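Here's the structure we're looking at; comments come further down.
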Amino acid sequence: MYTLNNIATHHFAGPEDVYVLDVNRTEAGLAAISSDQHLSLLSPARLSDGPVASWKTEHGNLTTLRIFDGSNALVCTAGEDGTVGVWDLRLRGADARVAQFNAAQSPILSMACSPSTQTIAVGTELQNHTASIFLWDVRSTPSPKAHYQEVHSDDITELAFHPTQPAFLLSGSTDGLVNIYDTRITDEDDLTLQTFNHNSSIHHAKFLTDTEVVALSHDEQFALYDMDEGRENGDAAQSWGDLRGVLGCQYVADVMGKTDGSGAIIGAGAQEKQMFELVFLARNQGQGAKWVLDREGSVGLPGAHGEEIVRSFCFFDDAQVVFTAGEDGNVKGWR
């Protein structure tokens, strides 16, 4: 492991403790959402100066942030009142919110964006025995494209579009299932292409490659599934079990795919050690398992966010800078 140094910090303060829930990179800067219901834009080069701009999101309780088009600095937010906001971070004041619409009748827990098809997908909390996925076309006036309400039996906690085939959508739920859909199919009975059974409540699920999917549960069970293998009962192609034992951590914040398709970065934290570690999931160049956790090449962030949990991280490979967001109200830069 090699370590990075904390080079800058911004603290979000308020009358009550503020959690920073998520942080993502765009061409305009760092987009962050916080528990005081704000969306903020921060400069990566001048993080300590505080937000370049900040907006009250008006979703009731803000739950999610996703990049719609990072190159054009368009992001989406959503929350418990079922609304979605679309923001242009290049604009200031009220003009930055370029759209806000009622996307669901229940609290939104997950969201995915496909700029190539101008589609936003949202997943809801289970209410009245139903958890739904809604697809919206956001060109001009947002209009509904599809509504799926029989694909999961519990909260829908994760959504992701396929990296090269935007008609394919992944969903994960606290019912322990990860599904892959072809959204071009209108009949909900025929919609699901594959179901993977993780046997534990899904926290995060992502496309690792065109055919491989990784899933992480709320109790840190981690596994890889292969769409091409067609295993009976939706079993995993490769399983690491509980990452807390494998990585010596107390929690896993997220799993983020590398943009070059070479693997993924797992962000694992240990409050007792005040440490956060970025571990590369890489292709195995030798015999044995197809994918391996590269512990020797991992990156440590000593001190991390103290004894508080790191909620999110992102990285600028070109500048070799990592940013983390935590429940201590801080966004931190590391080099």
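In the range 125-141, the residues that are farther than 24 Å from residue 97 by Cβ and polar (S, T, N, Q) form Cβ pairs under 7 Å with partners that are open to solvent by 30 Å² or more (accessible area, probe 1.4 Å) and not in a strand (DSSP E or B), at six or more places apart or across chains, as follows: 130/149; 132/149.
For residue 323, the criteria (1) assigned to a strand (DSSP E or B); (2) in contact with an Asp or Glu (Cβ under 9 Å, 6 or more places away or on another chain) hold in every case but one, which is (2). All of (1) in contact with a helix residue (DSSP H, G or I) (Cβ under 9 Å, 6 or more places away or on another chain); (2) touching a residue at least 60 places away in the same chain (Cβ under 8 Å) hold for residue 87 with one exception: (2).
Out of 140, 132, 173, report the one residue that is among the small types (Gly, Ala, Ser) and modelled with pLDDT under 95.
That would be 140, the only listed residue that is among the small types (Gly, Ala, Ser) and modelled with pLDDT under 95.
Please find, within the range 186-230, the residue that is farthest from residue 253 (Cα to Cα) out of those that are in a strand (DSSP E or B) and of a type in the set (Ser, Thr, Tyr). Even if it seems obvious, please write down each step before you answer.
So in the range 186-230, the residues in a strand (DSSP E or B) come out as 192-197, 202-207, 212-217, 221-226.
Then drop every residue that is not of a type in the set (Ser, Thr, Tyr), which leaves 192, 195, 217, 225.
Numbers: 192: 28, 195: 24, 217: 11, 225: 20 Å.
Among them, the one singled out is 192.
Filtering the range 234-273 to residues that are modelled with pLDDT under 95, assigned to a loop (DSSP other than H, G, I, E, B) and closer than 29 Å to residue 307 by Cα leaves only 258.
Looking at the range 136-185, which of the residues that are outside any strand (DSSP E or B) and of a type in the set (Gly, Ala, Ser) is surrounded by the most Cβ atoms within 10 Å (Cβ to Cβ)? Before you say what the answer is, go through the steps one by one.
Of all residues in the range 136-185, those outside any strand (DSSP E or B) come to 138-142, 149-155, 162-167, 174-176, 183-185.
If we keep only those that are of a type in the set (Gly, Ala, Ser) as well, we get 140, 153, 167, 176.
Working: 140: 8, 153: 14, 167: 14, 176: 19.
Here the residue is 176.
Out of all the residues in the range 239-251, which are in contact (Cβ under 8 Å) with a residue 40 or more places away in the chain and open to solvent by less than 30 Å² (accessible area, probe 1.4 Å)? Walk me through it before giving the result.
Looking only at the range 239-251, we keep the residues that are in contact (Cβ under 8 Å) with a residue 40 or more places away in the chain, and these are 240, 246-247, 251.
Correct list: 247, 251.
Would a scan of the range 97-120 turn up a residue that is in contact (Cβ under 8 Å) with a residue 60 or more places away in the chain and open to solvent by 10 Å² or more (accessible area, probe 1.4 Å)? Checked against the condition, which is being in contact (Cβ under 8 Å) with a residue 60 or more places away in the chain and open to solvent by 10 Å² or more (accessible area, probe 1.4 Å), the range 97-120 yields no hits at all. On inspection, residue 66 fails the criterion of being charged (D, E, K, R), over 18 Å from the mean Cα position of the chain (by Cα) and at pLDDT 95 or above.
If we scan the range 52-72, do we find a residue that is at positive phi and touching an Asp or Glu at 6+ places or on another chain (Cβ under 9 Å)? Don't jump to the end; show me each part of the working.
If we filter the range 52-72 for residues that are at positive phi, which is where we start, we get 58, 60.
Cutting the leftovers down to touching an Asp or Glu at 6+ places or on another chain (Cβ under 9 Å) gives us 58, 60.
Among the residues of the range 52-72, at least one is at positive phi and touching an Asp or Glu at 6+ places or on another chain (Cβ under 9 Å), which makes the answer yes.
In this structure, is residue 51 part of a loop (DSSP other than H, G, I, E, B), within 20 Å of residue 98 (Cβ to Cβ) and open to solvent by 10 Å² or more (accessible area, probe 1.4 Å)?
Criteria met by residue 51.
Once the range 1-48 is narrowed to residues that are open to solvent by 40 Å² or more (accessible area, probe 1.4 Å) and touching an Asp or Glu at 6+ places or on another chain (Cβ under 6 Å), the residue that is farthest from residue 71 (Cα to Cα) is 14. Restricting attention to the range 282-325, the residues that are open to solvent by 40 Å² or more (accessible area, probe 1.4 Å) and on the phi > 0 side of the Ramachandran plot add up to 2.
In the set (1) in contact (Cβ under 8 Å) with a residue 24 or more places away in the chain; (2) more than 18 Å from the chain's Cα centre (by Cα), residue 77 fails one condition alone, (2).
Would you mind stating whether residue 4 is over 23 Å from residue 90 (Cα atoms) and of a type in the set (A, V, I, L, M)? If you could, list the steps in order and put the result at the bottom.
Details: over 23 Å from residue 90 (Cα atoms): yes; of a type in the set (A, V, I, L, M): yes.
For residue 4, the condition - over 23 Å from residue 90 (Cα atoms) and of a type in the set (A, V, I, L, M) - is met.
Scan the range 186-220 for residues that are open to solvent by 10 Å² or more (accessible area, probe 1.4 Å) and of a type in the set (Gly, Ala, Ser) and the total you get is 2.
Scanning the range 61-118 for residues that are assigned to a strand (DSSP E or B) and farther than 16 Å from residue 155 by Cα yields a count of 24.
The values are calculated or read from the model by the stated rules, or taken from the named source; none is laboratory data. Keep in mind that this is a model prediction, so the values were computed, not measured. As a convention, Cβ positions derive from the backbone with ideal geometry for all residues, glycine included, and neighbour counts pool all protein chains shown. Each accessible area value is taken on the protein alone, full model and side chains, heavy atoms only, with ligands, DNA and RNA left out. Shrake-Rupley method; radii C 1.70, N 1.55, O 1.52, S 1.80 Å.
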